[in-house]
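Participant: My structure is below; once you've seen it, I'll send some questions.
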2 protein chains.
Amino acid sequence: MTTLREQMVALGDRAVAAARRLAGAETDRKNAALQAMARSLRRCQAEILTANRRDIEAGRAAGLNRALLDRLSLNESRIEAMAGGIEEVAALRDPVGATIAAWERPNGLKIRKIRVPIGVIAVIYEARPNVTADAAALCLKSSNAVILRGGREALHSNRAISDVMRASLEGAGLPADAILFVDTPEREAVRELVQLVGRVDLVIPRGGEGLIQAVTEMARVPVIKHYKGVCHVYVDEAADLEMALTIAENAKCQRPGVCNAMECLLVHQAVASRFLPRLAERLTSQGCRLKGDPAARAIVAAMEPATEADWSTEYLDLILNVRVVGSVDEAITHIERYGSHHSDAIVTENLETAERFTRGVDSAAVYVNASTRFTDGGEFGMGAEMGISTDKIHARGPMGLEELTSYKYVVWGNGQIRC
Amino acid sequence: MTTLREQMVALGDRAVAAARRLAGAETDRKNAALQAMARSLRRCQAEILTANRRDIEAGRAAGLNRALLDRLSLNESRIEAMAGGIEEVAALRDPVGATIAAWERPNGLKIRKIRVPIGVIAVIYEARPNVTADAAALCLKSSNAVILRGGREALHSNRAISDVMRASLEGAGLPADAILFVDTPEREAVRELVQLVGRVDLVIPRGGEGLIQAVTEMARVPVIKHYKGVCHVYVDEAADLEMALTIAENAKCQRPGVCNAMECLLVHQAVASRFLPRLAERLTSQGCRLKGDPAARAIVAAMEPATEADWSTEYLDLILNVRVVGSVDEAITHIERYGSHHSDAIVTENLETAERFTRGVDSAAVYVNASTRFTDGGEFGMGAEMGISTDKIHARGPMGLEELTSYKYVVWGNGQIRC
């Protein structure tokens, strides 16, 4: 009987060997594997749904709530969405081998900075089987081997999906071990996995705050976090209030459960009394609750009082904090203090104020006169994404294929030595 | 009496506040501060040397060896070198605010990817006072606040240098807290520092393997490592042997104590019997010891036998491992197994073999027909450097000003909302 550590080390070794083969894989071959995966997922739908039913039944027996059961559930259209997503990744440009920069030194050395895969990426996620397909496809296209560790609740579904994908890799002449799946249910497997220094090059946790914090604390290898979004819209005194209303409504209500939805609206005191009643009317009609600071509640009495803790809360729901501020600087200070450095917007017609805001707000994406909801790989034109990084190291904002690469310097000379 | 943790948290808060002010600092003001630092270091030479003498005397009393005492020692020319280094940083282009990429989306959103500082960087190093000046200058130019933690042996020297630099910041109207110095000697201060999630954005350990491993294991914030170099030169069957000799001599002997010096030479069996006797003669005459595998020793009997552990040893000294290989693939396999992914070179006139090598070797810098010694920010034309990263996340190879930045997306619209 091997220990968990030994099992994870063995898995890591297989991933490293696969990553080495994958580093030199031609684009056509990777795309062929991706196309085969999409076809196989559709063809093996029945087996995948059978496996998924086992997870659902176990989840019901374990008392999972309805939201979790919904995320866990697969059906025909969700499998089709997975397959379609893989085909989209196949259609994206291969980042590996691209020249990022090239220059020549006075001594004749020709230096090229070239995109290369990171190597082995571990993705730790919750009970969402579609992440299995998304993450594996993005890692394969960027020539990284991936070790997948999904939530235990989705064990059978994830195993079925990854089996299908592994078979497609082999069919295309690529190592099946480029996609590895941790199928031991023990929690401790995650700890071992994120401490595989020298075997795992990067860990990407995807899920709730608890998961991300736990992974970050245990990890001994680099982690890129896809953290919460406490996003703001600041309505400046020079705002087009009609535009501000439309943006606020979109940022809050179009899809409240995602990380780039607005959680807090800040409004300049000069326009607050004109703007807030209209905002309240518009959002309340959509079923949104409003919580305000005293100045906001003095204008719209129906708002609940916002507590200190509310300002840094990610509701992921139809609830909005509202605060009246005296200046753009006060707005920036609020955002820096309570925000999550994810996505924040200003609505203003004043160019100077807009620039002050974009310089002062230290977030992955800062918007002028647009909704925060655009922070997304697809909306940015990057194609599929692994998630949205709120870290500042390596990747920030939407993390697409390029963000799953590293680089190396290739230097050609004709005998140069250093003096 | 505050705890160490409280002290470090307070230091982190001061750094965060300074980083926020620094993010918007004009290039001219940063350069003025750097120029003032250089002048002040020269002017305060006597005080700095007095402080350094205290460290030296304490070090002698504590029985530090001669190499450590040498690294610790300052004199007029070393202070001049520090001042000159700071002036060089002042002359470099400011990376902050540069547009990395810009594009427009079909819906009219204008997306710009802009270089921004990382925020607060902690630099953990050993008893080399010059790192204090180098690291502080690079962080200031890239608008990062820095928390310096040097070896306890250099406490007085480092405090004197950082006091001078902090005074220059204030003189230029920048926050003195942009350069903070941990002056408690307790080892535990490092642990607290590298666990300041939310206050410290990046940790850069610089020093020996022990220090780097300890920091990496303790850290809860991202770490970029400047690790050891087990660098190789592979002499191919199609090599110009005269060039190979020159490159091997340079890579091994020009400065053996640095991370980009060669530790192991691999030679194709087809040229080994012609090449190795000449190599042995050339290197032995420079005082270099050679250790070989059986095939190499069959050609040069005077070589000592190399042990398995030797292949992954960073000697930092005039000792060279030598191995005969049957092909470029065998060379690549050796390098991937025993190397440190730092800098590796091939000497060959065969273009195809060269490309096979540059693709197959997964190192920060891969050379064709040039010495490994060129892996260096100055030699790459990047100006000063913080060190050489052997990591693959964020920065790889020489880490200059750009590598000390992150980015953000600034998105301008005219009312766009997401559908």
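Here, each number is a calculation from the coordinates, and none is a lab measurement. If you're wondering where the values come from, they're calculated on a predicted model, not measured in any experiment. Every residue, glycine among them, receives a Cβ derived from its backbone with ideal geometry; neighbour counts consider all protein chains shown.
Participant: Calculate for chain B the 222 nm mean residue ellipticity that helices alone would give, adding -39,500 (n - 2.57) per DSSP H run of length 4 or more and normalising by residue count, nearest 500 deg cm²/dmol.
Facilitator: Working: 14 runs with 179 residues, N = 419.
-13500 deg cm²/dmol, from helical runs alone.
Participant: Starting from the Cα of B:E242, step 7 Å toward the Cβ, then list every residue of segment B:353-370 with an amide N under 13 Å from that point.
Facilitator: None, by backbone N distance to the label point.
Participant: Next question, about the same structure. Hey, how many Å between the Cα centroid of segment A:198-248 and the Cα centroid of segment B:370-419?
Facilitator: Here the two parts' Cα centres lie 22 Å apart.
Participant: Would you kindly derive the ³J(HN,Hα) couplings of segment A:235-241 from the backbone phi angles with the Karplus curve 6.51 cos²θ - 1.76 cosθ + 1.60 (θ = phi - 60°), listing them in order in whole Hz, with x for Gly and Pro?
Facilitator: For segment A:235-241, the Karplus-derived couplings read 9, 6, 5, 9, 7, 6, 5 Hz, x marking Gly and Pro.
Participant: Considering the zone a paramagnetic label at A:Q254 would reach in this model (a point 7 Å from Cα along the Cα-to-Cβ line), which residues of segment B:99-118 have amide N under 16 Å from it?
Facilitator: Answer for segment B:99-118: B:105-111.
Participant: Moving to a separate point now. Under the rule of at least 5 residues apart or a separate chain, name every residue whose amide H is placed under 5 Å from the amide H of B:Q416.
Facilitator: A:S371
Participant: Is the C-alpha gyration tensor of the protein assembly as shown telling us rounded, prolate or oblate? Criteria: a/c under 1.5 is rounded; beyond that, a/b larger than b/c is prolate, otherwise oblate.
Facilitator: Values: a/c = 2.02, a/b = 1.27, b/c = 1.60.
It comes out oblate by the Cα gyration axes.
Participant: Also: When Cβ neighbours within 10 Å are restricted to other protein chains, what is their mean count per residue of peptide A:358-365?
Facilitator: On the way: counts 7, 7, 3, 2, 8, 4, 4, 5.
Mean shielding count: 5.
Participant: In which sequence would A:H268, A:H334 go, from the one with the fewest C-beta neighbours within 10 Å to the one with the most?
Facilitator: Working: A:H268 22, A:H334 17.
If I rank by nearby Cβ atoms, fewest first, I get A:H334, A:H268.
Participant: Mean separation of Cα pairs under 8 Å and 6+ residues apart, divided by the residue count of segment B:231-374: what relative contact order is that in percent?
Facilitator: On the way: 285 pairs, mean separation 48.9, N = 144.
Relative contact order for segment B:231-374 comes out at 34 percent.
Participant: If each residue of separation counts as 0.36 nm, what is the full-extension length gain between B:L316 and B:S285 once their alpha-carbon separation is subtracted? Please report the intermediate quantities before stating the final value.
Facilitator: On the way: separation 31, 0.36 × 31 = 11.16 nm, distance 1.82 nm.
Net length gain for the segment: 9.3 nm.
Participant: For the protein assembly as shown, build the charge dipole from Cβ charges (+1 Lys, Arg; -1 Asp, Glu) around the Cα centre, then report which of B:G387, A:T184, B:G207 sits farthest towards its positive end.
Facilitator: Going by the Cα projections, it comes out as A:T184.
Participant: Pop out the ³J(HN,Hα) list for segment B:399-414 in order, Karplus 6.51 cos²θ - 1.76 cosθ + 1.60 with θ = phi - 60°, rounded to Hz; leave Gly and Pro as x.
Facilitator: 3J(HN,Hα) across segment B:399-414, in whole Hz: 10, x, 5, 4, 6, 8, 10, 10, 8, 9, 9, 10, 10, 9, x, 9.
Participant: Relative to the present Cα-Cα distance, how much length would full extension add between A:A46 and A:R187 at 0.36 nm per residue of separation?
Facilitator: Numbers: separation 141, 0.36 × 141 = 50.76 nm, distance 2.93 nm.
Going from the current span to full extension adds 47.8 nm.
Participant: How high is the relative contact order of chain A, in percent, with contacts defined as C-alpha pairs under 8 Å that are six or more residues apart? Before the final figure, lay out the partial values.
Facilitator: Working: 858 pairs, mean separation 75.0, N = 419.
Dividing the mean separation by the residue count of chain A yields 18 percent.
Participant: Please list, in order, the residues from segment A:341-360 whose amide nitrogen is less than 17 Å from a point placed 7 Å along the Cα→Cβ vector of A:R274.
Facilitator: Backbone N within reach: A:347-351.
Participant: Taking θ = phi - 60°, what integer Hz values does the Karplus form 6.51 cos²θ - 1.76 cosθ + 1.60 yield along segment A:120-133, in sequence order, with x for Gly and Pro?
Facilitator: These are the phi-based 3J(HN,Hα) values: 10, 10, 9, 10, 10, 9, 9, 7, 10, x, 5, 4, 4, 5 Hz.
Participant: Once Rh is set to the Kirkwood radius over Cα pairs, what Stokes-Einstein translational diffusion coefficient, in µm²/s, holds for segment A:72-127 at a temperature of 37 °C and a viscosity of 0.692 mPa s? Can you show the working numbers first?
Facilitator: Numbers: Rh = 15.5 Å.
D = 212 µm²/s.
Participant: Semi-axes of the equivalent ellipsoid of segment B:244-324: what are they in whole Å, largest first, if each equals the square root of 5 times a C-alpha gyration tensor eigenvalue?
Facilitator: On the way: eigenvalues 64, 41, 23 Å².
Over the Cα atoms of segment B:244-324, the semi-axes work out to 18, 14, 11 Å.
Participant: Taking amide H positions as placed in the peptide plane 1.01 Å from N, state which residues far from A:Y407 in sequence (5 or more) or on other chains have amide H under 5 Å from it.
Facilitator: Correct list: A:V116.
Participant: Test of understanding: in a Gaussian network model of chain A with alpha carbons linked when under 10 Å, which of A:F380, A:F181, A:F357 would top the mean-square fluctuation ranking?
Facilitator: So, out of A:F380, A:F181, A:F357, the one fluctuating most is A:F380.
Participant: Let me make sure I get this right: for segment B:231-374, a, b and c are the square roots of the gyration tensor eigenvalues over alpha carbons, sorted descending. Under 1.5 in a/c it's rounded, otherwise prolate if a/b > b/c, else oblate. Which is it?
Facilitator: Note, shape of segment B:231-374 comes out rounded.
Participant: Please list the non-local residues whose amide H lies under 5 Å from the amide H of A:C264, H modeled 1.01 Å from N, same-chain partners needing a gap of 5 or more.
Facilitator: Those qualifying (amide H under 5 Å, at least 5 residues apart or on another chain) are A:C231, A:V233, A:N321.
Participant: Could you tell me whether chain A comes out rounded, prolate or oblate from its Cα gyration tensor? Rule is a ≥ b ≥ c as square roots of the eigenvalues, rounded for a/c under 1.5, then prolate if a/b exceeds b/c, otherwise oblate. Present the calculation step by step, with values, prior to reporting the outcome.
Facilitator: Working: a/c = 2.20, a/b = 1.42, b/c = 1.55.
Oblate is the answer for chain A, as a/c is 1.5 or above yet b/c matches or exceeds a/b.
Participant: Sticking with this structure for a sec: So for the pair B:E304, B:A167, with labels modelled 7 Å out along Cα→Cβ, what separation do we get in nm?
Facilitator: My value for the distance between the label points is 5.1 nm.
Participant: Go ahead and run the numbers for FRET between A:A62 and B:E209, Cβ-Cβ distance against an R0 of 56 Å, rounding to 0.05.
Facilitator: Numbers: r = 47 Å, r/R0 = 0.83.
About 0.75, to the nearest 0.05.
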